[in-house]
Amino acid sequence: MLVSDFLTTDSTALVHRMAHDDAQRFRRNEAQQLRAWRVSIACLRDALADWPEASGWHLLLEYAMRRLNRRIDAVLVTGRSVLVLEF
């Protein structure tokens, strides 16, 4: 998703989408995980909101590493680099 879309999408809708995707892959949703997503979304929004060039970047949340059966919290793809973010 584009950072501009991320910044304008309702946080609750993002958490619900992530919970749905997580349930499809791992068959569980813990309250602690939902809270962690809310905090990470708020943190990312605070960091990216006032950065005009970020609006064209791409953001991947809970990027699955299938062979390892793990996920990266966030991947930010800019025009110059790929940033892996763990919260």
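The values are calculated or read from the model by the stated rules, or taken from the named source; none is laboratory data. These numbers come from a predicted model, not from an experiment. Cβ atoms come from the backbone with ideal geometry, glycine included; neighbour counts cover every protein chain shown. Surface accessibility is based on the protein's heavy atoms, side chains included, excluding ligands, DNA and RNA. Shrake-Rupley method; radii C 1.70, N 1.55, O 1.52, S 1.80 Å.
Select from region 38-52 the residues that are in contact (Cβ under 8 Å) with a residue 24 or more places away in the chain, in a helix (DSSP H, G or I) and not hydroxyl-bearing (Ser, Thr, Tyr) and write down the one among them that is most open to solvent (accessible area, probe 1.4 Å). Don't jump to the end; show me each part of the working.
Step one: of region 38-52, the residues in contact (Cβ under 8 Å) with a residue 24 or more places away in the chain are 38-45, 48-49.
Add one more test, that the residue is in a helix (DSSP H, G or I), and what stays is 38-45, 48.
Cutting the leftovers down to not hydroxyl-bearing (Ser, Thr, Tyr) gives us 38-39, 41-45, 48.
On the way: Arg38: 130, Val39: 100, Ile41: 3, Ala42: 48, Cys43: 65, Leu44: 14, Arg45: 45, Leu48: 7 Å².
The residue in question is Arg38.
Can you tell me which residues in region 14-32 are under 16 Å from Phe87 (Cα atoms) and either open to solvent by less than 40 Å² (accessible area, probe 1.4 Å) or at pLDDT 85 or above (or both)? Reasoning before the result, please.
Step one: of region 14-32, the residues under 16 Å from Phe87 (Cα atoms) are 15, 18, 32.
If the condition is that a residue be under 16 Å from Phe87 (Cα atoms) and either open to solvent by less than 40 Å² (accessible area, probe 1.4 Å) or at pLDDT 85 or above (or both), then Val15, Met18 are the ones that fit.
Regarding region 63-71, can at least one residue be identified that is touching an Asp or Glu at 6+ places or on another chain (Cβ under 7 Å), open to solvent by less than 50 Å² (accessible area, probe 1.4 Å), more than 19 Å from Ser4 (Cα to Cα) and not aromatic (Phe, Trp, Tyr)?
Within region 63-71, the first condition is being touching an Asp or Glu at 6+ places or on another chain (Cβ under 7 Å), and the residues that meet it are 71.
Filter again for open to solvent by less than 50 Å² (accessible area, probe 1.4 Å), leaving 71.
Subset that is more than 19 Å from Ser4 (Cα to Cα): 71.
Among the residues that remain, those that are also not aromatic (Phe, Trp, Tyr) are: 71.
Yes, region 63-71 contains a residue that is touching an Asp or Glu at 6+ places or on another chain (Cβ under 7 Å), open to solvent by less than 50 Å² (accessible area, probe 1.4 Å), more than 19 Å from Ser4 (Cα to Cα) and not aromatic (Phe, Trp, Tyr).
Assess whether Leu60 counts as being touching a Leu at 6+ places or on another chain (Cβ under 9 Å), part of a helix (DSSP H, G or I) and among the aliphatic types (A, V, I, L, M). Give the derivation first.
Details: touching a Leu at 6+ places or on another chain (Cβ under 9 Å): yes; part of a helix (DSSP H, G or I): no; among the aliphatic types (A, V, I, L, M): yes.
No: the conditions fail for Leu60.
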